[in-house]
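Asker: Handing you a structure now.
Just so you know, all these numbers are worked out from the coordinates, no wet-lab data involved. Computed from a prediction, not measured in an experiment: that's the story for all the values here. Glycine gets a Cβ as well: all are built from the backbone with ideal geometry, and neighbour counts include every protein chain shown.
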Amino acid sequence: MRNIVIVGASGHGAMVLDCIRKEGRYKVLGYLDSFKKKGTQQNGLEVLGNEFDLPWLISKLDIHGIIVAIGNNWKRKEMADKIDNIAPNLEIVTAIHPRAAIAMAVKIGKGTVIMSGAVVNANSCIGDFCILNTNSSLGHDGNIKDFSSIASGACTGGSFVLGEYSAISLGANVIENITIGKHSLVGAGSLVINDIKAYSVAYGSPARFVRERKIESPYLNGDTDSTDS
C-alpha cells in the first residue's frame with residue numbers, strides 16, 4: 001500500500017482515518033497539524049509535524065499522498081493551496097467509506113471525503129475537496145461544487161446545486177431544483193424551499209435569508225469568533 005498522511009489531527013481527522021482504513025487502499029503514517037505538538041498521539045498515530053515539514057517527510061518516509069481533513073470549507077481551501085505550493089507532486093487522496101452508497105454515473109473529485117451511511121444518487125457530480133458527512137443524502141443529478149459540504153443527516157432533493165465553499169448544516173432538508181450560491185450557509189434543521197443567493201446565511205423552516213456572510217466567516221462549533229451557528 002502507498003504511504004499517505006492526513007492533515008488535521010482532530011475529530012474530523014479521525015473520521016477520515018476510519019474511512020481510509022476501511023477502504024484498505026493506503027497506509028496512513030500519521031498526521032500533520034499546525035496546532036498540535038509534534039509527537040502528539042491521536043488514534044494510535046503521531047503528529048509528524050506541520051505542512052511545512054512535508055518536503056523532509058516525503059523523502060524520509062516515502063510519502064506518496066495526502067488528504068486534508070479540515071471541516072471548515074474555507075480553511076480546507078487555504079490548506080489545499082499551501083500543500084499545492086509546498087508539495088505539488090503529492091497525490092491528493094479521495095476517501096469513500098465502504099458503507100456509503102454511490103449510485104451509477106456519479107463523478108467524485110479529488111480530495112473529497114464521503115462518510116459512512118452517505119447516499120449519492122444517480123448522475124450526481126461532486127467537486128474537489130468536498131465533504132458528505134455521516135448519513136447525508138444527495139439527490140439525483142446533484143451538483144456539489146469544490147470545497148462545499150453537507151453535514152450529517154442533511155438531505156437534498158434532485159437537481160440540487162451547492163455553490164463553492166457553501167455548507168448545509170446538520171439535519172437540514174432541501175427540496176428538489178434548489179440552487180444555493182457560493183460561500184453560503186444553511187443552518188441546522190432548516191427546510192430550504194427557495195434558492196439561496198451567494199454569501200448568505202439562511203435558516204428556519206422554511207429557511208429565510210438572515211444576513212450576508214464573508215468568505216472567511218467561521219461557522220463550525222469550535223471556530224473562533226463565530227456568529228454563524
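Asker: Per residue of the chain, what 222 nm ellipticity follows from adding -39500 (n - 2.57) for every DSSP H run with n ≥ 4, rounded to the nearest 500?
Answerer: On the way: 3 runs with 35 residues, N = 229.
Roughly -4500 deg cm²/dmol at 222 nm, from the helical runs in the chain.
Asker: Let me ask something additional. Any chance you could give the angle, 0 to 90 degrees and rounded to 10, that helix 73-86 forms with the longest Cα principal axis of the chain?
Answerer: 30 degrees
Asker: Between GLY204 and residues 5 or more places away or on another chain, which pairs have amide H atoms under 5 Å apart, with H built 1.01 Å from N, and which residues are they?
Answerer: Result for GLY204 returns GLY187, SER190, LEU191.
Asker: In nm, what is the difference between 0.36 nm times the number of residues separating GLU78 and PHE35 and their Cα-Cα distance?
Answerer: Here the segment from GLU78 to PHE35 would lengthen by 14.0 nm.
Asker: Same structure, new question: Restricting to DSSP loop positions (anything but H, G, I, E, B) with no more than 12 other Cβ atoms inside 10 Å of their own Cβ, which chymotrypsin sites (Phe, Trp or Tyr not before Pro) remain in the stretch 24-85?
Answerer: Details: sites: TYR26, TYR31, PHE35, PHE52, TRP56, TRP74; in loops: PHE35.
Loop-located and lightly packed - PHE35.
Asker: Sticking with this one: So what are the radius of gyration and Dmax for the Cα set of the chain, in Å?
Answerer: Cα radius of gyration and Dmax of the chain are 17.3, 54 Å respectively.
Asker: A further question follows. Which of the trypsin sites (Lys or Arg not before Pro) found in the stretch 1-41 are in a DSSP loop and have at most 15 neighbouring Cβ atoms, other than their own, within 10 Å?
Answerer: ARG25, LYS37, LYS38
Asker: Further question on the same structure: Viscosity 0.890 mPa s, temperature 25 °C: give me the Stokes-Einstein translational D for the stretch 42-110 in µm²/s, with Rh taken as the Kirkwood radius over C-alpha pairs.
Answerer: 174 µm²/s
Asker: Choose one of SER200, HIS183, ASN143: the residue whose Cα lies farthest towards the positive end of the charge dipole of the stretch 109-228 (beta-carbon charges +1 Lys, Arg; -1 Asp, Glu; about the Cα centre).
Answerer: Projecting each Cα onto the dipole axis, the largest value belongs to SER200.
Asker: While we're looking at this one, here's another question. For the chain, what does the relative contact order come out to in percent, with C-alpha contacts under 8 Å and a separation of six or more?
Answerer: Numbers: 644 pairs, mean separation 24.7, N = 229.
Result for the chain is 11 percent.
Asker: Helix 11-23: angle to the longest alpha-carbon principal axis of the chain, degrees 0 to 90, nearest 10?
Answerer: 80 degrees
Asker: Give the lysines whose C-alpha is closer than 27 Å to that of LYS60, dropping any in the same chain fewer than 8 places away, or say none.
Answerer: Correct list for LYS60: LYS22, LYS27, LYS36, LYS37, LYS38, LYS77, LYS82, LYS110.
Asker: Rounded, prolate or oblate, given the Cα gyration tensor of the stretch 2-92, with a/c below 1.5 counting as rounded?
Answerer: Details: a/c = 1.20, a/b = 1.07, b/c = 1.11.
Rounded.
Asker: For the chain, set up a Gaussian network in which alpha carbons nearer than 10 Å are linked by springs, and say which option among VAL210, VAL192, VAL28 fluctuates the most.
Answerer: VAL210
Asker: So which residue, out of VAL120, VAL161, VAL106, gets the largest mean-square fluctuation from a GNM of the chain using Cα contacts under 10 Å as springs?
Answerer: Of VAL120, VAL161, VAL106, the most mobile in the Gaussian network model is VAL106.
Asker: Under 10 Å, Cα contacts only: if you run a Gaussian network model on the chain, which one of GLY111, GLY11, GLY153 comes out with the highest mean-square fluctuation?
Answerer: GLY11
Asker: Moving to a separate point now. Which percent, nearest 5, of DSSP beta bridges in the stretch 85-229 are antiparallel?
Answerer: Within the stretch 85-229, antiparallel bridges account for around 15 percent of the total.
Asker: Per residue and in Å³, how big is the convex hull formed by the alpha-carbon atoms of the stretch 95-212?
Answerer: 63 Å³
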